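The values are calculated or read from the model by the stated rules, or taken from the named source; none is laboratory data. This one's a predicted model, so the numbers in the text were calculated from it and none came from an experiment. So basically every Cβ, Gly included, is an ideal-geometry build from the backbone, and we count neighbours across all protein chains shown.
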């Protein structure tokens, strides 16, 4: 078997560290010992493939999963999944979850004093198309308090989980909204030191996809790791 | 072209809302030839069970072949074999899944790797998921495994599952402490 081209490593500040004390939950959960640098073998550059059997045709519309429309501001969130070399990632599985417009998750451990919405579960999934595009219809998630520090509030966000071509490109992240004043105070958002990398987490208002009389749109492109040149290409 | 990759963010405490639909704790049928159960417990730095974690499993089939187009070796693949599992922990931090022992797979510099399972671990408090591996007990190839060879000798046992009865293996994850599991920089 020929040598395998690996994926480029994160540079300093381009990804969060495991131990980040401002986010207090990291202190008992971040590894204490140094990580062992893993070469990328066939075990890492391969990964699970998903197909149409894994997603329902309407799973990308979070506003039609119940009897009536959920409360809140309807939005369209779309973008492309690319790798750092600019190549599209087709048939990538994109899974999302979020709280409702009032800032409450339809989850048993969320006890925030905000109303549940019987018409909103807050989960969706789809595969990117041949050009790497995805598109969700949902409602804008509210801010909510958490106990990380005094008067701590999470900025509105949508959780994203993406499977690219190999298990080593697996990404779980969060999408934030432009201009949110809470971003400056959020340790999870600020855990990525590099400003340009951190701004990747903020969607852009998308006037072109905004639909008159119906919904605002946001654009959120997701950039997975890029592959090194193969030995043949060097 | 070189684009800046999107940073990782924690899965948070509510990931089951979005991820549960594709949970998979049986990578093969429990009655399939060679099927075994791998179970364990996930503990944090205070020794407390982590009840809100999710493990993702990636492994080759019994032949050593990955169900992925980049594995072009002509080795048999069981019908419907995907090699992927998604296993949340329960209230006691316990997890369990059913699978087969994979075959050996190629490693760096034309060396073969001992049979192993790739495990990703995500939870609230982890800004990036962890990556580790499960190796198998009584496996002579472990001695020559090029990845295990990179791990300090005293820490290697954290990557090797232990027998726990017929067709059962046990493997725990310790996030910190004297028995901290080896995690990889990927």
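Only one residue in B:92, B:139 is within 30 Å of residue A:24 (Cβ to Cβ) and touching a residue at least 12 places away in the same chain (Cβ under 8 Å), so which one is that? Break it down stepwise before answering.
Numbers: B:139 fails: within 30 Å of residue A:24 (Cβ to Cβ).
Result: B:92 is the single residue among B:92, B:139 that is within 30 Å of residue A:24 (Cβ to Cβ) and touching a residue at least 12 places away in the same chain (Cβ under 8 Å).
Of all the strands (runs of 3 or more DSSP E) wholly in segment B:49-102, which have at least 2 residues that are within 17 Å of residue A:49 (Cβ to Cβ), in contact with a strand residue (DSSP E or B) (Cβ under 6 Å, 6 or more places away or on another chain) and modelled with pLDDT of 95 or more?
Qualifying strands (runs of 3 or more DSSP E): B:53-58, B:84-88.
Condition test on residue B:149, is it free of Cβ contacts under 8 Å to residues at least 40 places away in the same chain and closer than 24 Å to residue A:39 by Cβ? Don't jump to the end; show me each part of the working.
Values: free of Cβ contacts under 8 Å to residues at least 40 places away in the same chain: yes; closer than 24 Å to residue A:39 by Cβ: yes.
Against the criterion (free of Cβ contacts under 8 Å to residues at least 40 places away in the same chain and closer than 24 Å to residue A:39 by Cβ), residue B:149 qualifies.
Say whether the condition of being surrounded by fewer than 14 Cβ atoms within 10 Å (Cβ to Cβ), out of contact with any helix residue (DSSP H, G or I) (no Cβ under 8 Å at 6 or more places or on another chain) and touching a residue at least 24 places away in the same chain (Cβ under 8 Å) is met by at least one residue in segment A:222-230.
Initial filter on segment A:222-230 (surrounded by fewer than 14 Cβ atoms within 10 Å (Cβ to Cβ)): A:229-230.
Keeping just the survivors that are out of contact with any helix residue (DSSP H, G or I) (no Cβ under 8 Å at 6 or more places or on another chain) gives A:229-230.
Right, trim to touching a residue at least 24 places away in the same chain (Cβ under 8 Å) and you get A:229-230.
Yes, because at least one residue in segment A:222-230 is surrounded by fewer than 14 Cβ atoms within 10 Å (Cβ to Cβ), out of contact with any helix residue (DSSP H, G or I) (no Cβ under 8 Å at 6 or more places or on another chain) and touching a residue at least 24 places away in the same chain (Cβ under 8 Å).
Specify which of the listed residues (B:124, B:86) is at the interface with chain A (Cβ under 7 Å from one of its Cβ atoms), touching a helix residue (DSSP H, G or I) at 6+ places or on another chain (Cβ under 7 Å) and farther than 25 Å from residue B:149 by Cα. Quick ask: steps written out before the conclusion?
Details: B:86 fails: at the interface with chain A (Cβ under 7 Å from one of its Cβ atoms).
Among B:124, B:86, only B:124 is at the interface with chain A (Cβ under 7 Å from one of its Cβ atoms), touching a helix residue (DSSP H, G or I) at 6+ places or on another chain (Cβ under 7 Å) and farther than 25 Å from residue B:149 by Cα.
Among what's in segment A:202-234 and is over 27 Å from residue A:75 (Cα atoms) and within 14 Å of chain B (Cβ to nearest Cβ), pick the residue that is modelled with the lowest pLDDT. Even if it seems obvious, please write down each step before you answer.
Our first condition is that a residue be over 27 Å from residue A:75 (Cα atoms); within segment A:202-234, this holds for A:225-234.
Right, trim to within 14 Å of chain B (Cβ to nearest Cβ) and you get A:225-231.
On the way: A:225: 97, A:226: 96, A:227: 96, A:228: 93, A:229: 83, A:230: 66, A:231: 57.
Checked segment A:202-234; the qualifying residue modelled with the lowest pLDDT is A:231.
Here are some conditions: (1) surrounded by fewer than 14 Cβ atoms within 10 Å (Cβ to Cβ); (2) more than 7 Å from chain B (Cβ to nearest Cβ); (3) within 20 Å of residue A:173 (Cα to Cα). Residue A:86 meets all but one. Which one does it not meet?
(2)
Hey, can you tell me all the residues within segment B:136-173 that are closer than 19 Å to residue B:113 by Cα and in a loop (DSSP other than H, G, I, E, B)?
The answer is B:136, B:137, B:138, B:139, B:145, B:146, B:147, B:151, B:152, B:161.
Suppose we filter segment A:1-26 for residues that are within 24 Å of residue B:154 (Cα to Cα), more than 20 Å from the chain's Cα centre (by Cα) and at the interface with chain B (Cβ under 8 Å from one of its Cβ atoms); how many remain? Walk me through how you get there before you give the answer.
So the first thing to find is which residues in segment A:1-26 are within 24 Å of residue B:154 (Cα to Cα), and the list is A:18-19.
Filter again for more than 20 Å from the chain's Cα centre (by Cα), leaving A:19.
After this cut, where a residue has to be at the interface with chain B (Cβ under 8 Å from one of its Cβ atoms) as well, the list is none.
Adding up the residues that qualify gives 0.
Tally the residues that are within 11 Å of chain B (Cβ to nearest Cβ) and more than 24 Å from residue A:65 (Cα to Cα), restricting the search to segment A:148-162.
Let us first name the residues in segment A:148-162 that are within 11 Å of chain B (Cβ to nearest Cβ), namely A:148, A:154, A:157-162.
Now restrict to residues that are more than 24 Å from residue A:65 (Cα to Cα): A:148, A:154.
Summing the residues that are within 11 Å of chain B (Cβ to nearest Cβ) and more than 24 Å from residue A:65 (Cα to Cα) in segment A:148-162 gives 2.
Select from segment B:39-66 the residues that are within 7 Å of another protein chain (Cβ to nearest Cβ) and closer than 16 Å to residue A:44 by Cα and write down the one among them that is nearest to the chain's Cα centre (by Cα). Steps first, please.
Filtering segment B:39-66 for residues within 7 Å of another protein chain (Cβ to nearest Cβ) gives B:44-46, B:58, B:66.
Among the residues that remain, those that are also closer than 16 Å to residue A:44 by Cα are: B:58, B:66.
On the way: B:58: 6, B:66: 14 Å.
Among those residues, the one meeting the criterion is B:58.
For segment B:155-185, give me each residue that is within 11 Å of chain A (Cβ to nearest Cβ) and more than 21 Å from residue B:122 (Cα to Cα).
So in segment B:155-185, the residues within 11 Å of chain A (Cβ to nearest Cβ) come out as B:155-156, B:158-159, B:173-185.
Hits for segment B:155-185 are B:155, B:156, B:178.
Pick from segment B:160-184 the residues that are without any contact (Cβ under 8 Å) to a residue 40 or more places away in the chain and touching a strand residue (DSSP E or B) at 6+ places or on another chain (Cβ under 8 Å): which of them is nearest to residue A:36 (Cα to Cα)?
Let us first name the residues in segment B:160-184 that are without any contact (Cβ under 8 Å) to a residue 40 or more places away in the chain, namely B:160, B:162-163, B:165-166, B:178-180.
With touching a strand residue (DSSP E or B) at 6+ places or on another chain (Cβ under 8 Å) added as a condition, the list becomes B:160, B:162-163, B:180.
Details: B:160: 16, B:162: 22, B:163: 26, B:180: 13 Å.
Step by step, filter segment B:160-184, then rank; the result is B:180.
Determine whether segment A:178-201 contains at least one residue that is part of a strand (DSSP E or B), touching a helix residue (DSSP H, G or I) at 6+ places or on another chain (Cβ under 8 Å) and either away from chain B (no Cβ under 13 Å) or in contact (Cβ under 8 Å) with a residue 12 or more places away in the chain (or both).
We begin by selecting, within segment A:178-201, every residue part of a strand (DSSP E or B); these are none.
No, because not a single residue in segment A:178-201 is part of a strand (DSSP E or B), touching a helix residue (DSSP H, G or I) at 6+ places or on another chain (Cβ under 8 Å) and either away from chain B (no Cβ under 13 Å) or in contact (Cβ under 8 Å) with a residue 12 or more places away in the chain (or both).
Looking at (1) surrounded by fewer than 20 Cβ atoms within 10 Å (Cβ to Cβ); (2) at pLDDT 95 or above; (3) at the interface with another protein chain (Cβ under 10 Å from one of its Cβ atoms); (4) in a loop (DSSP other than H, G, I, E, B), which is the one condition that is false for residue B:31?
(3)
Would you tally the residues in segment A:202-221 being in contact (Cβ under 8 Å) with a residue 60 or more places away in the chain and either more than 19 Å from the chain's Cα centre (by Cα) or on the phi > 0 side of the Ramachandran plot (or both)?
Step one: filter segment A:202-221 for residues in contact (Cβ under 8 Å) with a residue 60 or more places away in the chain, giving A:203, A:206, A:209-211, A:214-221.
Keeping just the survivors that are either more than 19 Å from the chain's Cα centre (by Cα) or on the phi > 0 side of the Ramachandran plot (or both) gives A:209-211, A:214-216.
The total comes to 6.
Tell me which residues, restricted to segment A:31-54, are crowded, with 16+ Cβ neighbours inside 10 Å and either modelled with pLDDT under 95 or more than 7 Å from chain B (Cβ to nearest Cβ) (or both).
A:40, A:50
From A:101, A:84, A:57, which residue is out of contact with any helix residue (DSSP H, G or I) (no Cβ under 9 Å at 6 or more places or on another chain) and at pLDDT below 95? Before you say what the answer is, go through the steps one by one.
Numbers: A:101 fails: at pLDDT below 95; A:84 fails: at pLDDT below 95.
Only one candidate passes the filter, namely A:57.
Which of the numbered conditions does residue A:61 fail, given that it passes all the others? Conditions: (1) touching a strand residue (DSSP E or B) at 6+ places or on another chain (Cβ under 6 Å); (2) within 13 Å of chain B (Cβ to nearest Cβ); (3) surrounded by fewer than 18 Cβ atoms within 10 Å (Cβ to Cβ).
Exception for residue A:61: condition (2).
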